[in-house]
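**Q** Please see the structure below; I have some questions.
Just so it is clear, none of the values below were taken in a lab; they were calculated from the coordinates. The structure presented is a predicted model; accordingly, all values stated were derived computationally and were not measured. A quick note on method: Cβ atoms are made from the backbone with ideal geometry, for glycine too, and the neighbour counts reach across all protein chains shown.
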Amino acid sequence: MSVLSIATSGLTAASLRTDVAASNIANVRTTGPLPASGGSSTSAVVGSPGIGPMFPAAYVPLRVDQVSQSNGSTPGGTIATVSTVSPSYTAQSDPNAPFANQNGLVAAPNVDLANEFAQLAAAKYSFIANAKVIQAYAETEGALLDIKT
């Protein structure tokens with residue numbers, strides 16, 4: 001695997017990490033009704049037609065898992081995948097919400113803001129480091145091509 005493809009995979013992973021953290025931060029207050037089964041709230045709408053009002057489910061936070069790429073004899077680079085956080089919600093008191101249960105609880109996204117800002121910082125420095133690798137490679141290649149005899 002070439003230096004450029006390794007650095008590019010790092011840039012892609014950093015970009016994905018930034019997108020996921022930004023989405024989690026933007027939706028930290030997107031609550032919904034507590035799921036009846038006690039499982040993760042992943043459906044778009046909670047409720048039953050004809051029985052009562054339908055409410056959107058709480059936002060399901062995401063996370064990025066990043067591992068090194070191994071392709072047989074030419075390992076290098078990184079692979080980033082997105083998955084959901086488990087458990088996806090926590091019970092939060094909001095008795096004024098129209099979808100609060102009889103105890104005044106709603107499902108709030110299980111987002112740790114401190115972790116999300118740490119993910120943004122890590123993505124920033126990863127992006128900078130990989131961009132520097134590309135820059136150094138380009139400068140070195142340029143210097144090699146400028147050799148005069």
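**Q** Suppose every Lys and Arg Cβ carries +1 and every Asp and Glu Cβ carries -1, with no other charges. What dipole size does segment 3-145 come out with about its Cα centre, to the nearest 20 debye?
**A** Charge dipole, segment 3-145, about its Cα centre: 100 debye, nearest 20.
**Q** Let me ask something else about it. Please compute the length gained on full extension between Tyr125 and Thr8, using 0.36 nm multiplied by the number of residues separating them and subtracting their Cα-Cα distance.
**A** Extra length available between Tyr125 and Thr8 comes to 40.7 nm.
**Q** What does the extension gain come out to for Gln135 and Ser68, with contour length at 0.36 nm per residue minus their alpha carbon separation?
**A** This chain segment gains 21.9 nm when fully extended.
**Q** At what distance in angstrom do the alpha carbon centres of segment 56-106 and segment 1-18 lie from each other?
**A** 23
**Q** Continuing with this model, one more query. Using a Förster distance of 41 angstrom, determine the FRET efficiency expected from the C-beta separation of Asp19 and Asp146, and round it to 0.05.
**A** 0.60
**Q** Going by amide H atoms built from the backbone, whose H comes under 5 Å of the H on Leu105, apart from near neighbours?
**A** Asp94
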